[in-house]
Amino acid sequence: MSTNQTEFDRARAAMPGGVNSPVRAFGSVGTTPRFFVSASGPRVTDVEGREYVDLVGSWGPAILGHAHPAVVKAVQDAATRGLGFGASTPGETALAELVEARITRDGARPIEKLRLVSTGTEATMTAIRLARGATGRDLVVKFAGHYHGHSDGLLAEAGSGVATLAMPGSAGVPAPIAAQTLVVPYNDLDALGEVFAARGDDIAAIIVEAAPANMGIVPPARGFNAAIADLAHAHGALLILDEVLTGFRVGPAGWYGIDPVAFAPDLITFGKVIGGGMPLAALGGSAALMDLLAPLGPVYQAGTLSGNPLAVAAGLATLENLDAAAYGRIDAAAALIAQATASALSAEGVAHVVQSSGNLFSVQFTATAPHHYDSVKAQDAFRYPAFFRAMLDQGVSLPPSVFEAWFVSAAHDSEAVSQIIDALPAAAKAAAEATPAT
Ligand SMILES: *Cc1c(COP(=O)(O)O)cnc(C)c1O
């Protein structure tokens, strides 16, 4: 019979690390990755027939719950009409119109035109090329601990799997390309100001996670996004707001819509939720900027599978079903789980903070809330593997890294939430007993 272990052994012989994306290998949590065969609502089932309440949610896309009937039906219907044509389809326009209408705040509408791509990596990579094309400048500013996908220029001090593996960057990135990226500590306007004072005339753009969630949750300081938008604009640079993770998750207009201080991004990138579980991502901005893309403008970008009809159908069905009631359920469940996690760790005397940005949250094993990557890295991360495994043993699937957000879906009903909350005390105890050596 197939087990998680036999599947992993077979996978490792056939694929590097046994995976197609590094964090899936469970390297930082010290147990065998689970191989899933199916999922429904808030639950996933592995090859051994074990069911888990899921807080990964496909890293965000499963926001309505796994295999939501409306999304599955939309994909099935699209499939019967053809898997792709390499030509335009009406659905792509419908999705673009929906995104352009939904991303709005106080009458402002930062997205007048949208381009669909297949991954978040492509979206941010294209946004940067567009910013360079628009400004005629080469330098890009990113923040330490932020993750924007795996393109060459964006891996320096990146979050997510790069943080999980404690890698400073990646081999294979030419030094002249790495030199075009300036890395600045997050939530530090002074450091950013110094970079602009020194190089402001050469900076094409700042790229920022709207609310960082790839080093665990580290909320932006109040007004931070507005301040960096103003700084960029004062120097003729653009602000690229990366909402690949937060877009359509923390609210209908993403983090842009709920940041305590309104601000004006130039380009916004989307991924994850926008594809409803299928490979789909996007970038958008003003018509003047977006029309610099080929075929109208000089900035080239293309994709054989861009705007794939099955992916578009999944995205449309997901966004259409993300109503106020769905966000209400996600927010409420997330608040309950975050609160219960903090209580369970307090009861065991484990130093921790649970930071939240909207309905996104994660635990950090430190007494004082980290506001940037250095303080995130200084936490007692050794406590997380024990915590994670104890949850997994009790049928709760958490992200396999302390540097990732916990993803709640609209399908997390009271039964699923209770199952998570009931598992927390034993996990907190395991975290308390963990030692740095293990
Ligand atoms: C996941 C993520 C990306 C990369 O998206 P992929 O689809 O994995 O290429 C980029 N930016 C942020 C903020 C992300 O969370």
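The values are calculated or read from the model by the stated rules, or taken from the named source; none is laboratory data. What you see is a predicted model, and the numbers here were worked out from it, not measured in a lab. Here the Cβ positions follow ideal geometry from the backbone for every residue, glycine too, while neighbour counts run over all protein chains shown. Quick note on the areas: whole protein, heavy atoms, side chains included, nothing else; ligands and nucleic acids left out. Shrake-Rupley method; radii C 1.70, N 1.55, O 1.52, S 1.80 Å.
Condition test on Glu209, is it touching a residue at least 60 places away in the same chain (Cβ under 8 Å), open to solvent by less than 10 Å² (accessible area, probe 1.4 Å) and within 16 Å of the ligand (Cβ to nearest atom)? It is true that Glu209 is touching a residue at least 60 places away in the same chain (Cβ under 8 Å), open to solvent by less than 10 Å² (accessible area, probe 1.4 Å) and within 16 Å of the ligand (Cβ to nearest atom). Can you find a residue in the range 18-37 that is assigned to a helix (DSSP H, G or I) and more than 13 Å from Thr164 (Cβ to Cβ)? Yes; the residues of the range 18-37 include at least one that is assigned to a helix (DSSP H, G or I) and more than 13 Å from Thr164 (Cβ to Cβ). Residues in the range 294-307 that are out of contact with any Leu (no Cβ under 7 Å at 6 or more places or on another chain) and open to solvent by 30 Å² or more (accessible area, probe 1.4 Å): Pro295, Leu296, Tyr300, Ala302, Gly303, Thr304, Leu305. Taking the range 53-135 and the helices (runs of 4 or more DSSP H) fully enclosed by it, the elements with 3 or more residues that are within 18 Å of the chain's Cα centre (by Cα) are at 120-135.
From the list Gln339, Gln379, which one is modelled with pLDDT of 95 or more and either open to solvent by less than 10 Å² (accessible area, probe 1.4 Å) or not in a helix (DSSP H, G or I) (or both)? Steps first, answer last, please.
Numbers: Gln339 fails: either open to solvent by less than 10 Å² (accessible area, probe 1.4 Å) or not in a helix (DSSP H, G or I) (or both).
Only one candidate qualifies: Gln379.
Of the residues contained in the range 308-322, one or more are found to be crowded, with 21+ Cβ neighbours inside 10 Å, of a type in the set (Ser, Thr, Tyr) and outside any strand (DSSP E or B). Every listed requirement among (1) farther than 19 Å from Ser58 by Cα; (2) within 14 Å of the ligand (Cβ to nearest atom); (3) surrounded by 20 or more Cβ atoms within 10 Å (Cβ to Cβ) is met by Gly277 save one, (1). Scanning the range 140-160 for residues that are open to solvent by 10 Å² or more (accessible area, probe 1.4 Å) and near the ligand (Cβ under 8 Å from one of its atoms) gives Tyr147, His150, Ser160.
Among the residues here, Gly216 qualifies as within 14 Å of the ligand (Cβ to nearest atom) and at positive phi. Filtered by the rule that a residue be part of a loop (DSSP other than H, G, I, E, B) and away from the ligand (no atom under 11 Å from the Cβ), the range 239-259 gives Phe248, Val250, Gly251, Pro252, Ala253, Asp259. Per the listing Val354, Val350, Val376, the residue uniquely more than 22 Å from Asp46 (Cα to Cα), touching a Ser or Thr at 6+ places or on another chain (Cβ under 7 Å) and outside the structural domain of Gly159 (by TED's automatic domain parsing) is Val354. The residue list Thr135, Thr126, Thr121 contains one member that is open to solvent by 20 Å² or more (accessible area, probe 1.4 Å), touching a residue at least 12 places away in the same chain (Cβ under 8 Å) and within 16 Å of the ligand (Cβ to nearest atom), which is Thr121. The sole residue among Phe388, Phe403 that is touching a residue at least 40 places away in the same chain (Cβ under 8 Å), within 24 Å of Leu165 (Cβ to Cβ) and open to solvent by 10 Å² or more (accessible area, probe 1.4 Å) is Phe403. Within the range 234-293, being at positive phi and of a type in the set (Lys, Arg) holds for one residue alone: Lys272.
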